[in-house]
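Structure first, then comments.
Readers should treat all values here as calculations from the given coordinates under stated rules, not as data from a laboratory. In this text, all values refer to a predicted model and were calculated from it rather than measured experimentally. Every residue, glycine among them, receives a Cβ derived from its backbone with ideal geometry; neighbour counts consider all protein chains shown.
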Amino acid sequence: MWERFIGEKVEEIRETVGDGRAVIALSGGVDSSVAAVLAHRAIGDRLHAVFVNTGFLRKGEPEFVRKTFGEEFGLNLHYIDASERFFGELRGVTDPEEKRKVIGRVFIEVFEEVAGEIDAEFLIQGTIAPDWIESRGKIKSHHNVGGLPERLNLKLIEPLRDLYKDEVRELGRELGLPEKIYSRMPFPGPGLAVRVLGEVTPERIAIVREANAIVEEEIEKAKLKPWQAFAVLLGVKTVGVQGDIRAYKETVAVRVVESLDGMTASAMAVPFDVLQRIAFRITSEIPEVGRVLYDVTNKPPATIEFE
Ligand code: XMP
């Protein structure tokens, strides 16, 4: 089935783009990765994949994406490190919606500049069926580069429009993507910026990046398969004891949820020894953190992310 789908989409993209050029915002997530590799099969180097480092990516992610797509898949990859710009624009911003808006705006500005230089006619997007079916009731302003095609005067190509997430994962496997990509957990567009509550600074992001990596590693080691597993820096300091000295340090919340589509979710009954290992590692490997809490709230009433 996938062979035929791939053949048809490759042909479609080839016909539509003709001798022209196309751009894609590659995030390293499942959807944009699959769309990029599919389009690359169709038009090769005339696909320009733009990968923006916002400063809010997971541990090792910029290196991983550059190696996988730039070297292994041979994509025409434009790597843009815009992290200083994002941190600068977010200075003093603490409101969750405001943070999302600033990140969305800066992302579009950065992408616009790069796409302008490439002088492309088409924009490939990894939109999948739920993205346009559920308009999500606008609980959070999601950052999925909406509005880009109009602003850039680009013609939109959405090869994955009719697929659901599990199908996109299958397709990714069929296209030879590494399992780390096709089976990965969802990660929000604004990235780790919405996993530090309050102001986003390089120091606070560094803490949460490390904590997220520990949570992901331990959940994987325990062979658990949640919808998502992550850590959040709460911005609350609590008292602890280190040796026989009083400590006053940051608190991290751990969230692990099961879900089918992200619309509703339940907190996962992670075995206690796994939780304790996570807490031990976070407090011993991250000197700024003195306490770890586990979030047992379902969605609703909470959302999956904290902001
Ligand atoms: P919430 O927090 O609204 O999240 O319960 C539902 C799912 O969506 C992910 N999420 C995002 N995905 N852009 C995305 O593509 C975003 O801005 C964004 N914000 C949240 C979240 O991780 C969860 O899987």
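Take the alpha carbon atoms of the stretch 165-203, find their center, do the same for the stretch 68-93, and report the distance between the two centers in whole angstrom.
Using only Cα atoms, the two centres lie 15 Å from each other.
Per residue and in Å³, how big is the convex hull formed by the alpha-carbon atoms of the stretch 153-203? Display every interim value, and only then the final one.
Details: hull volume 8.6 nm³, N = 51.
That works out to 168 Å³ per residue.
Could you check the simple spin-label distance between Glu117 and Arg246, using points 7 Å along Cα→Cβ, in nm with one decimal?
5.4
Once fully extended, how much extra length lies between Glu217 and Ser183, figured as 0.36 nm per residue of separation less the alpha-carbon to alpha-carbon distance? Before the final figure, lay out the partial values.
Details: separation 34, 0.36 × 34 = 12.24 nm, distance 1.45 nm.
Going from the current span to full extension adds 10.8 nm.
Full-extension gain between Glu199 and Glu89, please, as 0.36 nm times their residue separation minus the C-alpha to C-alpha distance. Spell out each step's value before the answer.
Working: separation 110, 0.36 × 110 = 39.60 nm, distance 1.12 nm.
Extra length available between Glu199 and Glu89 comes to 38.5 nm.
Whats the longest run of the chain with zero trypsin sites (Lys or Arg not before Pro) that are DSSP loop and have at most 15 other Cβ atoms within 10 Å? Walk me through the intermediate numbers first.
Details: sites that count: Arg91, Arg161, Lys223.
With trypsin sites (Lys or Arg not before Pro) excluded where exposed in loops, the chain gives 1-90 as its longest stretch.
For the stretch 1-142, just the Cα atoms, rotate onto the principal axes and tell me the three extents in Å, largest first.
If we take the Cα atoms of the stretch 1-142, the spans are 49, 34, 29 Å.
How tilted is helix 202-221 with respect to the longest principal axis of the chain? Cα atoms for both, answer in degrees (0 to 90, nearest 10).
Once rounded, the angle reads 90 degrees.
Once you put a point 7 Å from the Cα of Glu258 and another 7 Å from the Cα of Thr238, both along the Cβ direction, what distance in nm separates them?
In this crude spin-label approximation the distance works out to 2.6 nm.
Roughly what angle does helix 96-118 make with the longest principal axis of the chain, taking Cα atoms, 0 to 90 degrees, to the nearest 10?
30
Between helix 2-17 and the chain, what is the angle of the helix's C-alpha long axis to the longest principal axis, kept within 0 to 90° and rounded to the nearest 10?
The two axes meet at around 60 degrees.
Quantify how much of the Cα-Cα distance distribution of the chain extends past 26 Å, in percent. Write down the numbers at each step before the final one.
On the way: 22409 of 46971 pairs.
Percentage above 26 Å: 48.
How far apart, in nm, are the 7 Å Cα→Cβ label points at Gln276 and Asn153?
According to this spin-label approximation, the distance is 6.5 nm.
Only helical DSSP H runs with n ≥ 4 go in: add -39500 (n - 2.57) per run for the chain, normalise by residue count and round the 222 nm mean residue ellipticity to 500 deg cm²/dmol. Let's see the in-between values first.
Working: 11 runs with 123 residues, N = 307.
Calculated at 222 nm, the ellipticity per residue is -12000 deg cm²/dmol.
Taking the Cα centre of the chain as origin and charging only Cβ (+1 Lys, Arg; -1 Asp, Glu), how large is the dipole, in debye to the nearest 20? Display every interim value, and only then the final one.
Values: 41 positive and 51 negative charges, 186 e Å.
Charge dipole of the chain: 900 debye, to the nearest 20.
Direction-averaged shadow area of the convex hull around the Cα atoms of the stretch 153-288, nm²? Intermediate results must be reported in sequence, preceding the final value.
Working: hull surface 46.2 nm².
Averaged projected area of the stretch 153-288's Cα convex hull equals 11.6 nm².
If the limit is 21 Å between Cα atoms, which of Lys180/Lys221; Lys221/Lys249; Lys9/Lys67; Lys180/Lys225; Lys99/Lys180 go over it? Working shown, then result.
Numbers: Lys180/Lys221 14 Å; Lys221/Lys249 28 Å; Lys9/Lys67 26 Å; Lys180/Lys225 13 Å; Lys99/Lys180 29 Å.
Beyond 21 Å: Lys221/Lys249; Lys9/Lys67; Lys99/Lys180.
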